[in-house]
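Trainee: Please see the structure below; I have some questions.
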Amino acid sequence: MPVAIETENLNKTYLLGEIPVEVLQNINLTIDEGEFVTIMGPSGSGKSTLLYLMGGLDQPTSGKIRLAGTELSGLSDKEQSIMRRRQVGFVFQFYNLVPNLTVEDNILLPLLLDGKKAKEHQTRLEEIMATVELTDRRKHTPRELSGGQQQRVAIARALMNKPDIILADEPTGNLDSRTTEEVMQLLARINREQGKTIVQVSHSVETAAYGNRIIQVRDGKVWDEHEEIA
C-alpha cells in the first residue's frame with residue numbers, strides 16, 4: 001500500500017518565556033493511502049500540533065515529514081503553500097468559513113486562491129454540493145446555516161481541489177450527537193467511496209469508531225496504535 005503520510009523522529013518544542021516545552025517527542029508514524037485514522041489523547045497531549053505539522057501548517061523543531069514521499073522541509077514556502085492548497089484539505093472545529101460569502105463561494109475559495117476560474121469548475125462544484133447535500137443552500141451565508149451544515153460546507157471546501165488527504169481537527173467538537181453522527185457518516189463515505197486518506201483529531205471513542213485505526217498520543221509521545229475496525 002502506498003504511503004500517504006510519514007513522520008520520522010519528529011519533535012516540536014515551544015518556548016514558554018525562556019523555558020522549552022517539548023510538545024512532541026520522537027514521533028514515528030506511517031499512514032497509508034486510503035486509511036481513516038483518528039489521533040486521540042487528553043488535552044495538551046500534542047495531537048493537534050501533530051496534525052498541523054502533517055499538513056505543513058506548522059514547522060517541526062527537528063525530524064522529517066513526508067507527504068506521498070515528498071519531504072516538506074525540502075520545499076520552499078511557495079511550494080509548501082501550493083502543496084497545502086492542492087494535496088491537503090483542512091477541516092476545523094470552528095468551520096473557518098468566510099461569513100459574508102455564500103455556501104458556493106466558500107466552497108470555491110480554494111480554487112480562487114489557486115488562481116483558477118470558478119466558472120470552469122461548475123461541474124465539480126455541483127458534484128461536491130450534492131455529496132454534502134447542500135445544493136438547496138448554495139446561496140445562503142454561514143449565519144443562515146446550522147452548525148452541522150456549516151461543517152458540511154467546510155468539508156466541501158476541503159474537497160474542492162481534489163486533495164488526496166483530508167486533515168480534520170475535532171470536526172464534530174461543536175456539534176450535538178445527532179449532527180455528529182451525520183458528519184461522521186459523511187466523512188466515512190468520502191473515505192470509502194473516494195479513497196481519500198483522512199486523519200482526524202478527536203476526544204471521542206464514538207467518532208473514532210468510524211475509522212480503521214487509532215493513534216494514542218500522551219505527553220507528546222505515541223503511546224499506542226491499534227486497529228479499530230477489522
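Trainee: Sorted by mean Cβ packing within 10 Å, highest first, what order do the peptides 109-118, 128-137 take? Display every interim value, and only then the final one.
Mentor: Values: 109-118: 13.7, 128-137: 17.0.
Ranking the peptides 109-118, 128-137 by packing returns 128-137, 109-118.
Trainee: Also, quick follow-up: Just to compare against my own numbers: the Cα pair-distance distribution for the range 83-148, 5 Å bins, whole % per bin, please.
Mentor: 3, 16, 25, 30, 19, 6, 0
Trainee: What percent do you get for the relative contact order of the range 14-64 when only Cα pairs under 8 Å and 6+ apart count? Write out the running numbers ahead of the final one.
Mentor: Numbers: 20 pairs, mean separation 13.6, N = 51.
Relative contact order, the range 14-64: 27 percent.
Trainee: Output the Kirkwood hydrodynamic radius of the range 119-172, Cα pairs only, in Å rounded to one decimal. Walk me through the intermediate numbers first.
Mentor: Numbers: mean 1/r = 0.0842 Å⁻¹.
This gives a value of 11.9 Å.
Trainee: Using a Förster distance of 25 angstrom, determine the FRET efficiency expected from the C-beta separation of Asp136 and Val205, and round it to 0.05. Could the numbers behind the result be given before it?
Mentor: On the way: r = 34 Å, r/R0 = 1.36.
Plugging the Cβ-Cβ distance into 1/(1 + (r/R0)^6) gives 0.15.
Trainee: I want to check a number: in the range 89-230, how many lysine pairs have alpha carbons closer than 25 Å, given a sequence separation of 8 or more or different chains?
Mentor: 10
Trainee: Can you put Ser43, Ser202 in order of Cβ neighbours within 10 angstrom, beginning with the fewest? Numbers along the way, then the final one.
Mentor: Values: Ser43 7, Ser202 24.
If I rank by nearby Cβ atoms, fewest first, I get Ser43, Ser202.
Trainee: Right, here's the next one. Hey, how many Å between the Cα centroid of the range 73-100 and the Cα centroid of the range 176-212?
Mentor: Here the answer is 20 Å between Cα centres.
Trainee: Any idea what the alpha-carbon Rg over 2.2 N^0.38 Å comes to for the range 12-141? Kindly include the intermediate steps, with their values, before the conclusion.
Mentor: On the way: Rg = 17.9 Å, N = 130, 2.2 N^0.38 = 14.0 Å.
Cα-based Rg divided by the globular estimate yields 1.28.
Trainee: With a cut-off of 8 Å between alpha carbons and a minimum separation of six or more residues, what is the relative contact order of the chain in percent? Mind showing how you got there, number by number?
Mentor: Details: 447 pairs, mean separation 66.6, N = 230.
Once divided by the residue count of the chain, the mean separation gives 29 percent.
Trainee: Further question: In whole Å, what are the extents of the chain along the principal axes defined by its C-alpha atoms, from largest to smallest?
Mentor: That gives 49, 42, 39 Å along the principal axes, largest extent first.
Trainee: If we count every other residue with Cβ under 15 angstrom of Val21's Cβ, Lys/Arg +1 and Asp/Glu -1, where does the sum land?
Mentor: Details: positive: Lys12, Lys221; negative: Glu18, Glu22, Asp58, Asp219.
Result for the local shell: -2.
Trainee: Next question, about the same structure. Please state the charge dipole magnitude for the chain, taken about the Cα centre, from unit charges on C-beta atoms (+1 on K and R, -1 on D and E), reported in debye and rounded to the nearest 20.
Mentor: Numbers: 26 positive and 33 negative charges, 154 e Å.
In total the dipole reaches around 740 debye.
Since every read-out is calculated from the coordinates, none of them should be taken as a lab result. Remember, it's a predicted structure, so these values are computed and weren't measured experimentally. Cβ coordinates were reconstructed from backbone atoms using ideal geometry, including for glycine residues, and neighbour counts include every protein chain displayed.
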